[in-house]
Structure formats: structure tokens, C-alpha cells
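Computed from the coordinates by the stated procedures, all read-outs in this text should not be read as laboratory data. These figures come from a predicted structure and were not determined experimentally. Note that we place each Cβ from the backbone using ideal geometry, even for glycine, and neighbour counts take in every protein chain shown.
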Amino acid sequence: MRVDLLTESVAGLDEALAAVDAFDRALVVGLLRPHAVQAAGLTELADAVAGTPLAGRVAEAAEKAAAGAASEDHFVALAAARTALVGSVHDALMERVEAATGRSHAGESVPEPPEPHPANLLVAARSWLADLARCGWQGIDHEVVSGSAAVVSAMLPDPDLRRLATLLDGFAAELAASCPGSALERVPVRRWADLWSRAMVLTVPGAAGVPVTGMVSGRLLPLGVDVQEHATAVQAQVHAVFEPADGGASRLVRGCVSVPKPDTIVGAGLWQLLRPHMSLLAAVSEGRSMDLSDMPVTAEGDLVWSDARARAGAPADAFATARVALSTASVSATAPLDRHPARIAAPVFLEGYSSQQDDDGLTFTVADHRLAVDTDRIPTAGPLTPEAVAVSRACIGLLRWDAGEFTLQPLAVETTVRKKLTAIHAGAWAGGTTDKAGARAEKAATDAGTMLRERAGRLLRK
């Protein structure tokens, strides 16, 4: 991999992010009675998309918002402009990633989902988001934030609206925990603007639909597992190379499972919640491939997993897959609304590097070029540790972009343990483990789960 390409500046990136930041600062104070600074930020956003099909609508929206007279449709236009700018940053960064890894793009576009009829719930969600924009992050209070509760409750039963409902629910929870906004010492400016603009665009009928575009049959070769944990939910995402049965070109795909969880179950105990929903996790733990038959897949490369369409295959070493098949696997298209730098997670393989640990963290040096290693993303639900990464000789990881630079999130490493070359995987305990540390953590989680079920049973009986 050409790490030097990851350290070079990207033309136009700073200017695009500057326009995004200018608009984000306007949302901090709010757009009910904008001051000159907020008006300037709106103008900067409009100027940034002046040469696009959005130009006319965004210019009008910026003018109305600067005068404190913006309607909900105007806020949708502003959110669309911000989304387009952030998407352009994503595209520029992905071009750099593809150049650095030598991988080609699949060349397929993501088809437009079928457009449903406008829903009253979408209108209600848009109204709440417009109220947030008018009051600004410094003007939020519990009365404003609680306005989302009825909308979310009505949306959750509808599968077509659940994506937006989950986003609104999480966003409202963050805002509620920060009320009153006037007392905030620090505002997560870009994060809240990201959530607001994404939610606002998803209120457009049809925007939230993600169609399944086909079926695939062939061999799945896992590379590693990325675990994302929150207080009430956990997600495991398996990154893999897929080889079609018809001999077509291999491609990068993902298999994902998400489940709710109590906040008392953490670490290795998470696998107990995830395993029953995805047999792929056992294959990862055992170092096996999987044979898929007519598995649904989206144009973005996300497998709509069904255990009935998969069976365990032959042994498949992740590092052998990374050395032989990863560089030639094509990259799938990204859906328009998913084009965001935070979504970049490109599987890569590195070896022949040196490691340096200092006050700024761990870095790998490849051909005299340094790449920061994000050890904070290593999950506690596996045997992989920052110490093992620091003394490793080869690494499978996800290339990400954060705080203005590319970073590497380790998924697995090869290192020397007791004079023997050993592979350590973040997802090694996914399908069960005889490792003493993992077994203790699973037992503790089992005890916690049993206690919670007993308490729930008593409450139901009462």
C-alpha cells in the first residue's frame, strides 16, 4: 500500500470543509434571528454549491434563513447542500484510498429506491428538526427536545421509517442530556450538524429506502470483525472478500448484525447477544470460509444476512486472504446519502513496517511515511490489545479518516508469542472461546443476563 498518497493534501478538501463549518457555526446560535456572522455562514454554504443543480434553491434558502424567514423546505435545501459538500469530501478521500491501495471501483451505481407516498410522520419529523435549527444548539431546552418523542414512537413500528426513527431517537437523547443548551461549555458542532442534516434529508419521501439489488452465490473469505458498542445496542460488522461462484471478479462485502443490549453486558459478553443471529461469527472465530447460496446483497456490498443461505466452508486464514485476494477485490459503490468521511472503513493489509509509540499515540512507518494507528477502536470483546499491535509484524485493519488525517484501525495482527508467529484477531471470541480471559468474561455476562431475566420475570408476574 502506498502510504505516501495518504499523507498528501487533497485539492479542494479544506475549502469544502470550511463552507461546512461556516454553516455549522450558524446552527450553534440558531436561525430564528440570525446575526451577521450566521448570515455570512449561510452565504458561504450557498456559494460553495453555486455551480451545481442545487444553486438556485440553496441561494433562496440562504437568503430566507438569513432574514429569519426560512420555511421547512428551505431548511431541507440547506441540509441537502451541506450533505452534498460532505459527500464531495468523501468522494475525494475515497479516490485517494483507491489510489493508495491499488483497488478498482466496481463501477456500479446505487439505484434509486422506489419513492413511496409522502407520509405525515415525515412532515412531523421535519417540523421538529426545523424548530431545532431555529433555536440553535445554545437555545435547546427539554420542551423543544421532547417534541420528538411522539414522532419517534409513531415511526418505530413501521420498518420503512425505522432508520429515521432510530436516528431521531439517538439525536434527541444526546440533546436532552445536554439541556439547557445555554449552559453548555462545549458544543459538538460538527457532530450535531451531521445528525441534523442527515435526519432532515431523510424526511424527504423515498430518501431512506435502501433496496436489495441482487442475489449472490459463492465463497466468503472473512478478514476481520469491527465491533461498535453503545450503552443500549451493539453491532458486529464482518469485512470479507467475496468470490462469486460463476468465476466473476471478487469484491469487498460486509455482513452485519445489530442487537439491543442492557448496559450491564459489556466486553466478551456481547458475543452471547450477537451469535444467535449470525452464523458468520462462528466462521470468523474458527478461521473458516462460508459458502453462500442466493444471499441478498445491496449495491453497496452489504449482505442482507440469512443463516439459511449460508453454510460453513473450508478453513480460510484471514492473513492468507489479505495477502492474496484483498488487493484485487473491487470496491462497491456508496449510496448518495451515505457519502460521509466518517463512513470510510476500507480494509487494508500492511507488513514490513516499524512501530513508534510516543505521547501522540502509536504510528506505523511504511517506506518512510507514518500512518497513525487508532488503538482506541480496538474492542474489549477480544484478545487483541494495543500492546500486541505495537509489536506486530503484519496487520489487517480498516483505513479511516478522522480529524483531518487517515488512521488505521487494527482488526488482526501477526506477532511473535513465545518465539512463535501468532495471529491475534479482535473477533477471535466471536463464536466462543477456550481462552481463560474470554471464558471468564463470558461467564460474568451469563450471570448478569440470568439475573436480568429473573428480575424481568418477577416484574412481569407482578
Give me the distance between the Cα centres of segment 219-262 and segment 150-189, rounded to whole Å.
27
Spatially proximal aspartates and glutamates relative to residue 443 (Cα-Cα < 19 Å; intrachain offsets below 8 disregarded):
263, 435, 454
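For segment 295-366, what is the Kirkwood hydrodynamic radius in Å, using each pair of distinct C-alpha atoms?
Values: mean 1/r = 0.0623 Å⁻¹.
That comes to 16.0 Å for segment 295-366.
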Take the Cα coordinates of segment 241-287, assign each an equal point scatterer, and use the Debye formula without solvent to give log10 I(q)/I(0) at q = 0.23, 0.31 Å⁻¹.
-0.91, -1.16
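Relative to the compact-globule scaling 2.2 N^0.38 Å, provide the ratio for the alpha-carbon radius of gyration of segment 214-324. Could you put the intermediate results ahead of the total?
Working: Rg = 14.0 Å, N = 111, 2.2 N^0.38 = 13.2 Å.
Rounded to two decimals, the normalised Rg is 1.07.
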Restricting the calculation to Cα positions, tell me the Rg (one decimal) and the Dmax (whole number) of segment 10-202 in Å.
17.4, 52
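Once you have the Cα-Cα distance between residue 387 and residue 8, take 0.36 nm times their residue separation minus that, and quote the gain in nm to one decimal. All intermediate terms of the calculation are to be shown ahead of the outcome.
Working: separation 379, 0.36 × 379 = 136.44 nm, distance 2.89 nm.
Result for the pair: 133.6 nm of gain on full extension.
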Over segment 34-110, one equal point on each Cα, no solvent: what is log10 I(q)/I(0) by the Debye formula at q = 0.26 Å⁻¹?
-1.15
For the residues 215, 278, what sequence is obtained by ranking on other C-beta atoms within 10 Å, fewest first?
215, 278
With a cut-off of 16 Å, note down the residues of segment 15-36 whose backbone N falls inside the zone around a label point 7 Å from the Cα of residue 47 toward its beta carbon.
15-26, 36
Only counting other Cβ atoms within 10 Å, I'd like 43, 101 sorted with the fewest neighbours first.
43, 101
First obtain the Kirkwood hydrodynamic radius of segment 5-48 from its Cα pairs, then insert it into the Stokes-Einstein equation at 37 °C and 0.692 mPa s, and state the resulting D in µm² per second as a whole number.
291
Order of 443, 419, 436 - criterion: other Cβ atoms within 10 Å of each residue's Cβ, fewest first:
419, 436, 443
As a test of the definition: which semi-axes, in Å, follow for segment 335-429 when you take the square root of five times each eigenvalue of its alpha carbon gyration tensor? Largest first, please.
23, 16, 12
I need the fraction of alpha carbon pairs in the chain separated by more than 29 Å, rounded to a whole percent.
54
What are the aspartates and glutamates whose alpha-carbon lies under 18 Å from the alpha-carbon of residue 419, with same-chain residues fewer than 8 places away excluded?
387
What's log10 of I(q)/I(0) for segment 155-286 at q = 0.11, 0.15 Å⁻¹, Debye sum over Cα points only, no solvent?
-0.59, -1.00
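When averaged across all projection directions, what area in nm² does the alpha-carbon convex hull of segment 131-231 cover?
Details: hull surface 37.4 nm².
Result: a mean projected hull area of 9.4 nm².
Quick check on packing: order 340-353, 169-182 by the mean number of other C-beta atoms within 10 Å, highest mean leading.
Numbers: 340-353: 18.2, 169-182: 16.1.
Highest-to-lowest ranking by the protection proxy: 340-353, 169-182.
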Residue separation times 0.36 nm, minus the C-alpha to C-alpha distance between residue 324 and residue 365: what's the value?
12.5 nm
